[in-house]
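What follows is one structure encoded as structure tokens, with my remarks underneath.
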Amino acid sequence: MEGDFPMKIVHGTLQDFHRYWRDAPWAEPQFAAYMDAGKAEFWYARIGLRVVGRVYLFRELPDADAADGIKRAYLCNLHVLERYRGRGIGSALLNRMADRAKELGFLELSIGVEEENDANMRLYQRMGYLDLVKSVTEDLICVKNADGNSSACGAYLLMRKEL
């Protein structure tokens with residue numbers, strides 16, 4: 001990977017989550033609330049001390065098609081730093097999440113993908129996300145934007161795989 005440091009996948013703490021969150025400051029408290037309630041987990045990949053990728057596993061969401069807390073969990077916000085893409089980091093994170101979901105007793109995993117994002121679509125299909133659950137146009141995590149309203153988003157596909 002990079003130098004003499006192998007990649008390591010880490011189950012992040014709430015403190016890690018706050019340290020590495022960089023995407024949308026208005027959503028951070030809501031993700032943290034799910035984690036604090038035991039309904040979500042934060043995982044990250046690192047090489048040496050550098051965080052190079054991350055993913056969130058949601059056990060339960062208001063939309064049971066994504067995560068019902070019993071049978072199906074939801075993966076969200078899979079991201080690998082651009083300069084580290086193509087090295088198997090995303091695949092490793094997805095594989096670890098499949099193992100983690102099995103450890104928690106889930107039978108299925110779901111994930112959202114924009115249909116026009118060819119790279120992610122290929123990755124997810126290669127990783128077994130072949131079943132279309134539905135097309136989605138709203139934030140499944142019920143994230144509120146800066147003005148307190150529910151976040152709308154571009155259409156994407158909710159895909160699932162059996163574990």
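The values are calculated or read from the model by the stated rules, or taken from the named source; none is laboratory data. Please read these numbers as outputs of a predicted model, since none were measured by experiment. As a convention, Cβ positions derive from the backbone with ideal geometry for all residues, glycine included, and neighbour counts pool all protein chains shown. Each accessible area value is taken on the protein alone, full model and side chains, heavy atoms only, with ligands, DNA and RNA left out. Shrake-Rupley method; radii C 1.70, N 1.55, O 1.52, S 1.80 Å.
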Hits in the range 107-137 (condition: within 13 Å of Arg72 (Cβ to Cβ), assigned to a loop (DSSP other than H, G, I, E, B) and open to solvent by 10 Å² or more (accessible area, probe 1.4 Å)): Leu107
Lone qualifier among Pro6, Pro29 - being out of contact with any Cys (no Cβ under 9 Å at 6 or more places or on another chain), more than 19 Å from Val80 (Cα to Cα), open to solvent by 70 Å² or more (accessible area, probe 1.4 Å) and not small (Gly, Ala, Ser): Pro29
Among the candidates Leu94, Leu49, residue that is in contact with a strand residue (DSSP E or B) (Cβ under 9 Å, 6 or more places away or on another chain) and without any contact (Cβ under 8 Å) to a residue 12 or more places away in the chain: Leu49
Residue list for the range 91-106, filter: open to solvent by less than 80 Å² (accessible area, probe 1.4 Å) and more than 19 Å from Lys8 (Cα to Cα): Leu104, Gly105, Phe106
Cβ-Cβ under 8 Å pairs, at least 6 apart or on other chains, the range 25-36 side without any contact (Cβ under 8 Å) to a residue 12 or more places away in the chain, far side of a type in the set (Phe, Trp, Tyr) and outside any helix (DSSP H, G or I): Glu28/Trp21
Hits in the range 73-90 - residues which are closer than 23 Å to Leu157 by Cα and open to solvent by less than 30 Å² (accessible area, probe 1.4 Å): Ala73, Tyr74, Leu75, Cys76, Val80, Ile89, Gly90
